[in-house]
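Take a look at the structure below.
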Amino acid sequence: MSTHPPAALPAGLLQEPVQQAAGASCGDALPFTGIVDAHVHVFPPEIVCERAAYLKRDAWFRNLYSDPRARMASAEDVIREMDDCGVATSVVFGFPFADPGLCRLVNDYVIEAVRAHPGRLAGLACVAPDSREGVDEAERCLDAGLRGCGELVVRDGGLEGGWHDLAVFLAERDAPLLLHANEPVGHLYPGKGRFPVDMFAAFASAHPDLTLVLAHMGGRPSLL
Ligand SMILES: [Zn+2]
């Protein structure tokens, strides 16, 4: 897990959702004192136990998790690791499956996890922006107490179409969007792809009110 000081968190994560589900505790303000891990994937037990079946269902998931050494953690695993390492709070999310049904599966798990661990976990939603359900699923998850969307991956169609609808929605809700990116230099590794800086820059320029976080982006200061 990577760690960041609280000041590195996007503002939207520190705010209560505009509309909080009745009785939900996951949208409560978090203390954010101490170490915050801003990027943690969690998986429901059915995906951890049946990894091989899910590898067949999503090319991007296969790319990252075909190697059995690629560990998958449940929310309980993460809480245990946080306690061992002295991490106060983690921002957790599932996996950006292309299938909206699989997104709902991981989102339901994240919603449960943040409700089970108020004050320790803040959650983001995974949605398929290219599907007609992308914004609807984001709205469902924010209403249930999640703080934004992420970590999403840009597939072959680029940051077009439904991505703009999602950006407008998240900006209106003052909620961040966390995107998978990577440095354009250095060695190849699972998850590294062609994510042109120009594409992200154009998207950010089109949505100046959106809090956009580019995970793993780096490599050359002149790019930023
Ligand atoms: Zn990630």
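Every number in this text was worked out from the coordinates using simple rules, so none of it is lab data. The model shown is predicted, which means the values in this text are computed figures rather than measured ones. Note that each Cβ is placed from the backbone with ideal geometry, even for glycine, and that neighbours are counted across all protein chains shown.
Quick check on packing: order 86-99, 121-134 by the mean number of other C-beta atoms within 10 Å, highest mean leading.
The peptides rank, most packed first, as 121-134, 86-99.
For the stretch 70-138, restrict the atom set to alpha-carbon positions and state the Rg and Dmax in Å.
So, for the stretch 70-138, Rg and Dmax equal 13.1, 42 Å respectively.
Considering amide H positions built from the backbone, and no H for Pro or chain starts, which residues 5 or more places from Val40, or on another chain, come under 5 Å of its amide H?
So Val40 has HN proximity to Val91, Phe93.
Quick one: 3J(HN,Hα) in Hz for the stretch 93-101, Karplus 6.51/-1.76/1.60 with θ = phi - 60°, rounded, Gly and Pro as x.
Working through the residues one at a time gives 7, x, 9, x, 5, 6, 7, x, x Hz.
Calculate the dipole size of the stretch 35-223 relative to its Cα centre from +1 charges on Lys and Arg beta carbons and -1 charges on Asp and Glu beta carbons; express the result in debye to the nearest 20.
Its charge dipole is roughly 520 debye.
For the stretch 35-223, what is the Kirkwood hydrodynamic radius in Å, using each pair of distinct C-alpha atoms?
For the stretch 35-223, inverting the mean 1/r across all distinct Cα pairs yields 17.0 Å.
Using each residue's phi in the stretch 174-181, evaluate 6.51 cos²θ - 1.76 cosθ + 1.60 at θ = phi - 60° and report the 3J(HN,Hα) Karplus result to the nearest Hz, with x for Gly and Pro.
Per residue, the Karplus-derived 3J(HN,Hα) values read 6, 10, x, 10, 9, 10, 6, 9 Hz.
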